[in-house]
1. Are there any pairs with C-beta distances below 7 angstrom linking a residue in the range 125-145 that is within 22 Å of Gly230 (Cα to Cα) to a residue that is of a type in the set (Asp, Glu) and open to solvent by less than 20 Å² (accessible area, probe 1.4 Å), with the two at least 6 apart or on different chains, and if so which?
2. What are the pairs, 6+ residues apart or on separate chains, where a residue within the range 153-166 that is of a type in the set (D, E, K, R) has its Cβ under 6 Å from a residue that is in a helix (DSSP H, G or I) and surrounded by 14 or more Cβ atoms within 10 Å (Cβ to Cβ)?
3. Based on this model, can you work out whether Arg61 counts as under 21 Å from Gly227 (Cβ atoms), open to solvent by 20 Å² or more (accessible area, probe 1.4 Å) and not β-branched (Val, Ile, Thr)?
4. Open to solvent by less than 10 Å² (accessible area, probe 1.4 Å) and in contact with a Ser or Thr (Cβ under 9 Å, 6 or more places away or on another chain): is that true of Leu192 in this structure?
5. What residue, of Arg103, Arg130, is modelled with pLDDT of 90 or more and not in a helix (DSSP H, G or I)?
6. Among the candidates Leu193, Leu92, Leu187, Leu169, which residue alone is closer than 29 Å to Ile256 by Cα and either out of contact with any Leu (no Cβ under 6 Å at 6 or more places or on another chain) or among the acidic types (Asp, Glu) (or both)?
7. Which one is farthest from Leu34 (Cα to Cα) among residues in the range 195-209 that are small (Gly, Ala, Ser) and open to solvent by less than 30 Å² (accessible area, probe 1.4 Å)?
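The values are calculated or read from the model by the stated rules, or taken from the named source; none is laboratory data. The structure presented is a predicted model; accordingly, all values stated were derived computationally and were not measured. We place every Cβ from the backbone using ideal geometry, glycine too, and count neighbours over all the protein chains shown. Surface areas here come from the heavy atoms of the whole protein model, side chains and all, with no ligands, DNA or RNA. Shrake-Rupley method; radii C 1.70, N 1.55, O 1.52, S 1.80 Å.
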Amino acid sequence: MKSLLPALARYLIPSQVQAFLAEKVLFQPQALFLHGVEEELIDERIQNLHICLNDFEVLTRYLKRRFCLINLDEYHQRLTAKDGDLGRCVMLTFDDGYQNNHRLAAPILRSLDIPFTLYLTTSSMETGDRLPTFIARAAIFLTEKSQLHIRDQTLPLGNEEERRAAAALITHLFKTRPAAEVREMILVVRELLSPSRWAEVEGIYSSDALMNWDQVADLHRQGVVIGAHGHEHFPLHSLHGRDEISRQIHLSRDAIIRRLGVCNHYAYPNGNAEDICPEAVEILASSGFLTSVTTFPATIAASRHPLLIPRICVYNASRFQKLVLQDTLYRRGRDLQKWQSGMPGQAPGSSANSH
């Protein structure tokens with residue numbers, strides 16, 4: 001009957017009852033993820049990882065009223081305890097480490113007594129550089145040039161449609177090619193704007209600036225759990241090779257440990273099935289990480305693997321309710337289990353279903 005509920009709910013059940021049923025479904029633990037929070041979005045093509053502050057406040061107040069909010073440390077403690085209770089638990093997580101997490105999101109969450117987990121991309125924090133995908137979006141949508149020559153291709157940039165296609169292709173290449181190629185492509189794409197223009201763009205789109213270590217330390221003192229999110233935000237697929245995968249994991253972890261003394265949790269950049277290879281899971285397991293999270297959308301109750309925890313990308317309360325009533329979420333749970341079964345390091349009895 002449970003598997004029929006999502007399909008039936010959309011057609012037969014009033015919206016008020018749907019919200020109630022969504023909460024009943026959410027007796028299962030969930031992990032949610034966001035990136036940045038801003039008062040005002042100037043250009044959503046470029047700032048597509050950020051949500052408006054007002055929407056964030058609505059979401060967090062809704063979560064506070066309805067659910068038990070925990071961080072990854074408490075999740076792991078409950079998961080490993082014989083009598084640990086994960087029912088109705090929601091974990092709120094943020095990827096990348098944007099300054100607006102410290103400036104805007106953290107004060108709201110602190111006022112509501114909501115714990116959260118923050119995953120850091122350490123190279124950009126240390127250099128001040130923006131993440132590769134921001135560089136691609138900003139350069140392509142803001143350049144005055146009419147084409148981009150990259151890797152034996154010439155991409156036209158004459159109109160909005162061509163720029164969107166070029167941005168999608170470059171973003172795809174950044175996520176799927178080996179590390180050395182990606183570093184070369186980043187330099188080529190950066191040349192679409194002059195150094196002085198980049199300084200202007202980075203000032204205008206301050207939403208995509210990452211935190212410094214003083215801001216991270218401040219959040220850590222407030223009890224925020226800090227995890228690693230790779231050194232250069234490269235997906236951990238097999239084209240990088242084992243040495244590069246290990247480098248991305250360990251540089252990120254070690255930078256956090258040097259400054260905070262602890263780093264037990266990891267978030268895979270991009271984080272879907274095609275972005276994570278078995279070697280990455282092996283390295284995380286051997287490095288002592290307690291958990292690692294993906295972007296595979298499913299409930300945690302469907303998970304069998306502490307190093308491949310699913311998360312749901314949710315930006316507002318209404319979408320949060322609707323998502324858990326969609327039958328696709330249940331189907332993805334089965335897909336998740338199939339994927340996890342072929343990965344190393346699975347811990348017997350680690351499923352949230354056992355609690």
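1. Hits for this filter: Arg130/Asp208; Leu131/Asp96; Phe134/Asp208.
2. Once the first residue is of a type in the set (D, E, K, R) and sits in the range 153-166, its partners that are in a helix (DSSP H, G or I) and surrounded by 14 or more Cβ atoms within 10 Å (Cβ to Cβ) give Arg163/Ile140; Arg163/Phe141.
3. Numbers: under 21 Å from Gly227 (Cβ atoms): no; open to solvent by 20 Å² or more (accessible area, probe 1.4 Å): yes; not β-branched (Val, Ile, Thr): yes.
Judged against the criteria, Arg61 is not a match.
4. no
5. On the way: Arg103 fails: not in a helix (DSSP H, G or I).
On inspection, the qualifying residue turns out to be Arg130.
6. Sole residue among the options that is closer than 29 Å to Ile256 by Cα and either out of contact with any Leu (no Cβ under 6 Å at 6 or more places or on another chain) or among the acidic types (Asp, Glu) (or both): Leu187.
7. Ala209
So that you can scan it fast, the table gives a plain yes or no per residue for (1) modelled with pLDDT under 95; (2) not in a helix (DSSP H, G or I):
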{"site": "Leu118", "(1), (2)": "no, yes"}
{"site": "Glu126", "(1), (2)": "yes, no"}
{"site": "Ile135", "(1), (2)": "no, no"}
{"site": "Ile140", "(1), (2)": "no, no"}
{"site": "His149", "(1), (2)": "no, yes"}
{"site": "Gly158", "(1), (2)": "no, yes"}
